[in-house]
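The values are calculated or read from the model by the stated rules, or taken from the named source; none is laboratory data. These numbers were taken from a predicted model, which means no experiment stands behind them. All Cβ positions, glycine included, derive from the backbone under ideal geometry; neighbour counts span all protein chains shown.
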Amino acid sequence: MLVAFNRSELESRLKKRSDLKEDKLNEYLDCLEEMDAKEQKAALYWINKKRLILPEDLPKFNEAMNLINKQHLDFQEFEGPMEVVNRNDKSTRRIKSQDAYFSPSSEKAFSHPYNAGDGVVIYDVEDSKEGQLAVRRAIDSNWGYDKNPWCLAAWEDSFDRDEIDALSEEEAKELGFYSDDALAVAWNYWKHHNAYPKRIAFKNGKLLAFSAGDKKQHVQWWDKNHRSHDTIPGSNAVDDIEFLKRHGKYNLLESQNASPEMIEELINDEDKDVRQEVAGNPKTPVEVIMKLAEDENKLVRLAVAKNPSAPPEALRKLTEDEDWHVKCAVAENPGVSAEIIMKLAEDEDWNVKCAVVRNPKTTAEVLMKLTEDENKLVRLAIVKNSSAPIEVLMKLAEDEAWEVRYELVKNPSIPAEALMKLAEDETWIVREAAKRRLEQQ
């Protein structure tokens, strides 16, 4: 007999989801604790596959588990709960044929149609209850009343779907569908998902996908099976570039559909935020990064300097930048070459030298050279580096500035020989700190 996991056991089984922040992790754990052992096992399986979001997806999860129990199914055969619900299309109950026609262009809550190509049209969805109801009508007309692919427009579980069969819209309203109560929980999710405007896509007039986000992330589209996509699923359509720029969501570059003309439009955009986002995107083409490395705005150049995929030529160019913030970012870039690090180690600005010290790739040779820098702040940066070689730390044990020697005592890598030497230091605060450290060893 299966035994349900306790909270600590559940938490250990969610380690794969390192993307879950503490608040969201606690929401998952709260929901999982209320489940029985079998439900926990299924939920964990889908959560770790990123196909179940809690508590938003509880209605579809419960529906899936009911089907699994009734039909003796194995949940591991399904990618997510929606695949269970959609398993048998023949059993799907749809509204009557005379009500099945749905025209998105006639919905007042759908506006600004954008032709994305491949027969796909994208509409902005009004951020209101009218917008939510319009999305729900689109689902019902295209996929059936018993489909709940998106938590923002999901019916309450209180309805007995075994009694719902071939309903007209008027009959559905009489049963309580489209009422405030029927979509009350969904409305809470709807209000929360407001990181960027909601949109809905139709292909050749048929419902295709829905877009909404609950945090500042790149635009995502959700399909019929509640799978997320960076681009419009089930088509070769290209997202509305003006929308992506307008709302600061530039995942267009992550799409193979991004044409050279579109990329050119992005890098020449008058809005620096657009250029900055493109400059920091690891998937931005090399030739684009090279252009943005010469941008007139320092924040754009700074984004290039921080980009882990920035080509060596771009980083080399930025070592001559007039702004020290940009040069610091180059010095700390994980992809920077030894040649560039050596060059920046000789920069006249102490901030840049400190950035060089902080880069784990900086060699012992460069660090040893910087122990002789005239600015004690540079030397202080070295003694605070727990990865500094022993020979470098030993040399700084004789530094002329007591602040450097004092900070050296705190370095976890300081050798015992250096500590013993500092325990006899001429400055009392250094002596006492070294003695305490020795006593602790």
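Between Lys410, Lys384, the distinction of being assigned by TED's automatic domain parsing to the domain that holds Arg436, surrounded by 14 or more Cβ atoms within 10 Å (Cβ to Cβ) and charged (D, E, K, R) belongs to Lys384 only. Can you tell me which residue is modelled with the lowest pLDDT among those in the stretch 4-15 that are over 15 Å from Leu54 (Cβ atoms) and not hydroxyl-bearing (Ser, Thr, Tyr)? Looking at residues that are over 15 Å from Leu54 (Cβ atoms) and not hydroxyl-bearing (Ser, Thr, Tyr), I get Lys15.
Note on the stretch 26-38: among residues that are in contact (Cβ under 8 Å) with a residue 12 or more places away in the chain and surrounded by fewer than 20 Cβ atoms within 10 Å (Cβ to Cβ), the one that is nearest to the chain's Cα centre (by Cα) is Glu27.
Residue-wise test of (1) among the charged types (D, E, K, R); (2) assigned to a loop (DSSP other than H, G, I, E, B).
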residue: Glu11; (1), (2): yes, no
residue: Lys16; (1), (2): yes, yes
residue: Asp23; (1), (2): yes, no
residue: Lys50; (1), (2): yes, yes
residue: Leu67; (1), (2): no, no
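Take the conditions (1) under 30 Å from Leu266 (Cβ atoms); (2) assigned to a helix (DSSP H, G or I); Pro334 misses just one of them, which is (2). Of the numbered criteria (1) in contact with an Asp or Glu (Cβ under 8 Å, 6 or more places away or on another chain); (2) closer than 13 Å to Val286 by Cβ; (3) aliphatic (A, V, I, L, M), the one Ala303 fails is (2). Listed here are the helices (runs of 4 or more DSSP H) enclosed by the stretch 105-196 that have at least 2 residues being at pLDDT 85 or above: 129-143, 184-192. Scanning the stretch 25-36 for residues that are part of a helix (DSSP H, G or I) and more than 18 Å from Gly80 (Cα to Cα) returns Leu25, Asn26, Glu27, Leu29, Asp30, Glu33.
Based on what the data block shows, is Ala416 small (Gly, Ala, Ser), within 19 Å of Trp428 (Cβ to Cβ) and touching a residue at least 12 places away in the same chain (Cβ under 8 Å)? The answer is no for Ala416. Filtered by the rule that a residue be touching a residue at least 40 places away in the same chain (Cβ under 8 Å) and under 13 Å from Val219 (Cα atoms), the stretch 190-207 gives His193, Asn194, Tyr196, Pro197, Lys198, Arg199, Ile200.
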